[in-house]
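The values are calculated or read from the model by the stated rules, or taken from the named source; none is laboratory data. Note that the structure is predicted; figures quoted are calculated from it, not measured. Ideal geometry is used to build each Cβ from the backbone, glycine not excepted, and the neighbour counts take in all protein chains shown.
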Amino acid sequence: MMLEGKKAIVTGGARGIGLEIVLRFLKEGATVYFVDLNPSEFLKRMQAAAKQGGGQVVFKQVNVAVEDKVVAVIEEIIKEAGTVDILVNNAGITDNNLIFRMTLEDWNRVMSINLASAFMISKVVGRHMAKNKSGSIVNMASVVGVGGNAGQASYAASKAGLIGLTRSVAKELGMRGVRVNAVAPGFIDTEMTRELPEAAREAFLTQIAMKRPGSSEEVAKVVTFLASEQSSYVSGEVLRVDGCMAI
């Protein structure tokens, strides 16, 4: 198994892409602490995957945008686990609107959850990994963080910020044996994208060479690769999982 015996933290792990990452990690032998605002309705699936892989799954409830609380929870996880080998900063929201209709409050809410939380958590976990001289951090970016998207200024800016954070921290921690990468999904079939109007979904599909949306499982496989030793000389990269949408 690719992650046998590893200890991982996944933020936003209760559903969607985060859920699939948790399940994939568990099946590959990891013990996973998933962090979210609410418990997961899929806990039984997680427990079954943990039994299959021989690890454990543990839920920690916290708002990742609140610094003192999220730092306390992450430090608690490190103490309980003994070590953390993998961090996936996946927690994220979107609040779509034209810039003329977007308030500063709307902007700050997206930035705090999508970008500031990754900074705060990476700061704590990165210090721990640097002491151990090993570890892998994976940040969940997006193709709109590369190319932008009308009506998603705050979301695109937060994901572009994640890419900058990824590359900067990769340079800072590389000498300590810590790898930092980002995954940039394209149009993925999730609860979020299913809420889009049919016309908007069709418009996205016309941009994709493979003419279909991706799945959360396909994203999770790439995250697992970056978390594992199979990518031991990969750092500072942004891997697009978009069916050839962004070129």
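Do we have any residue at all in the stretch 179-199 that's of a type in the set (Gly, Ala, Ser), surrounded by fewer than 18 Cβ atoms within 10 Å (Cβ to Cβ) and at pLDDT 95 or above?
The answer is no, given that none of the residues of the stretch 179-199 is of a type in the set (Gly, Ala, Ser), surrounded by fewer than 18 Cβ atoms within 10 Å (Cβ to Cβ) and at pLDDT 95 or above.
Take the residues in the stretch 221-234 that are among the aliphatic types (A, V, I, L, M) and either in contact (Cβ under 8 Å) with a residue 40 or more places away in the chain or closer than 19 Å to residue 148 by Cβ (or both), then tell me which one is surrounded by the most Cβ atoms within 10 Å (Cβ to Cβ). Only one residue fits best here, namely 227.
When the residues of the stretch 84-123 are narrowed to those that are in a helix (DSSP H, G or I) and acidic (Asp, Glu), which ends up nearest to residue 23 (Cα to Cα)? I'd like the intermediate steps shown before the answer.
Step one: list which residues in the stretch 84-123 are in a helix (DSSP H, G or I), which gives 99-101, 104-123.
So of that shortlist, the ones also acidic (Asp, Glu) come out as 105-106.
Numbers: 105: 34, 106: 32 Å.
Checking each candidate, the answer is 106.
Hey, any hits in the stretch 159-172 for a residue that's surrounded by 14 or more Cβ atoms within 10 Å (Cβ to Cβ), in contact with a strand residue (DSSP E or B) (Cβ under 7 Å, 6 or more places away or on another chain) and over 20 Å from residue 93 (Cβ atoms)? Within the stretch 159-172, one or more residues are surrounded by 14 or more Cβ atoms within 10 Å (Cβ to Cβ), in contact with a strand residue (DSSP E or B) (Cβ under 7 Å, 6 or more places away or on another chain) and over 20 Å from residue 93 (Cβ atoms). With a requirement of 2 or more residues that are farther than 23 Å from residue 218 by Cα, the helices (runs of 4 or more DSSP H) lying completely within the stretch 1-83 that satisfy it span 67-81.
Yes/no per residue for (1) in contact (Cβ under 8 Å) with a residue 40 or more places away in the chain; (2) surrounded by fewer than 19 Cβ atoms within 10 Å (Cβ to Cβ); (3) more than 19 Å from residue 160 (Cβ to Cβ):
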{"site": "201", "(1), (2), (3)": "no, yes, yes"}
{"site": "209", "(1), (2), (3)": "no, yes, yes"}
{"site": "214", "(1), (2), (3)": "no, no, yes"}
{"site": "219", "(1), (2), (3)": "yes, no, no"}
{"site": "236", "(1), (2), (3)": "yes, yes, no"}
{"site": "241", "(1), (2), (3)": "yes, no, no"}
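For (1) within 24 Å of residue 132 (Cα to Cα); (2) aromatic (Phe, Trp, Tyr); (3) in contact with a Ser or Thr (Cβ under 9 Å, 6 or more places away or on another chain), each residue gets a yes or a no:
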{"residue": "18", "(1), (2), (3)": "no, no, yes"}
{"residue": "23", "(1), (2), (3)": "no, no, no"}
{"residue": "28", "(1), (2), (3)": "yes, no, yes"}
{"residue": "32", "(1), (2), (3)": "yes, no, no"}
{"residue": "40", "(1), (2), (3)": "no, no, no"}
{"residue": "61", "(1), (2), (3)": "no, no, no"}
{"residue": "66", "(1), (2), (3)": "no, no, yes"}
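Working only within the stretch 1-31, note down all residues that are within 24 Å of residue 192 (Cα to Cα), at pLDDT 95 or above and either of a type in the set (Val, Ile, Thr) or surrounded by fewer than 20 Cβ atoms within 10 Å (Cβ to Cβ) (or both). Residues satisfying the conditions are 9, 10, 11, 17, 21, 22.
Restricting to the stretch 32-53, name every residue that is surrounded by fewer than 21 Cβ atoms within 10 Å (Cβ to Cβ), in contact (Cβ under 8 Å) with a residue 24 or more places away in the chain and within 24 Å of residue 75 (Cα to Cα). Of everything in the stretch 32-53, those that are surrounded by fewer than 21 Cβ atoms within 10 Å (Cβ to Cβ), in contact (Cβ under 8 Å) with a residue 24 or more places away in the chain and within 24 Å of residue 75 (Cα to Cα) turn out to be 37, 38, 39, 40.
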